[in-house]
Every structure is written in C-alpha cells, then in structure tokens.
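Everything on this sheet refers to the single structure shown next.
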C-alpha cells in the first residue's frame, strides 16, 4: 500500500478530525510537484505533528483521491493569492495504522 504522509499543525489536525477541514493544501512548487505529480498513492496519512510510531491517536487515514490545483488566500501561505495542490480528505479509513 502506497501511503502519502502529511504532518500538520494541531489546529488543522483537530479540524480535519472533526470534519470541518476537508482538504489539505500544499504549495505548488518543485518540492511538492515531485511528490504528487505522476505518482499513485492508496492512502493519505495525516499526522498531528510528528508522533511516535505507535501513537495512533495522532494519525488519520483517508482514501487517496486525485488532487486539484487551486489558487487560495490563506494566512499560512502569506498575504497574497497562492497556487496550491488541494488534496481531498473526504473518505476516512477506519482501520488502525500498522
């Protein structure tokens, strides 16, 4: 199973877990293009920071779905509009991560 792991801040992790945040954004730059374009994943793992390997309370699994490219304005990315990869987090996987 190919897994894309994304570490996020606690506030975003909690919003994803509660179902309020349904997309995760990554800058549209060379770093993320190499990791996302022309790659196939089965799942996205969202972690609250960088937890210990056996701390499953700080990990969420979602079925990988194709990203879209958007232009957004968000304080995390600075003042202007920013081009990002938008990764959907709409289909949770309920099994434990091992």
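The values are calculated or read from the model by the stated rules, or taken from the named source; none is laboratory data. These numbers were taken from a predicted model, which means no experiment stands behind them. No Cβ is skipped: glycine too gets one built from the backbone with ideal geometry, and neighbour counts run over all protein chains shown.
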Q) Restricting to region 22-42, what's the tally of residues that are more than 16 Å from residue 59 (Cβ to Cβ) and over 10 Å from the mean Cα position of the chain (by Cα)? A) 14
Q: Only one of these is farther than 15 Å from residue 6 by Cβ, in contact with a strand residue (DSSP E or B) (Cβ under 8 Å, 6 or more places away or on another chain) and either without any contact (Cβ under 8 Å) to a residue 40 or more places away in the chain or surrounded by 11 or more Cβ atoms within 10 Å (Cβ to Cβ) (or both): 58, 83, 63. Name it.
A: 83
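Every residue, every condition in (1) more than 21 Å from residue 2 (Cβ to Cβ); (2) outside any loop (DSSP other than H, G, I, E, B); (3) touching a residue at least 12 places away in the same chain (Cβ under 8 Å), yes or no:
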| residue | (1), (2), (3) |
| --- | --- |
| 20 | yes, no, no |
| 35 | no, yes, yes |
| 45 | no, yes, yes |
| 51 | no, no, no |
| 71 | yes, yes, yes |
Q. Residue 34 is checked against (1) at pLDDT 95 or above; (2) touching a helix residue (DSSP H, G or I) at 6+ places or on another chain (Cβ under 9 Å); (3) exposed (fewer than 13 other Cβ atoms within 10 Å of the Cβ) and fails just one. What number does that condition carry?
A. (2)
(Q) Among the residues that make up region 38-48, is at least one of them surrounded by 16 or more Cβ atoms within 10 Å (Cβ to Cβ), over 18 Å from residue 92 (Cα atoms) and touching a strand residue (DSSP E or B) at 6+ places or on another chain (Cβ under 9 Å)? (A) no
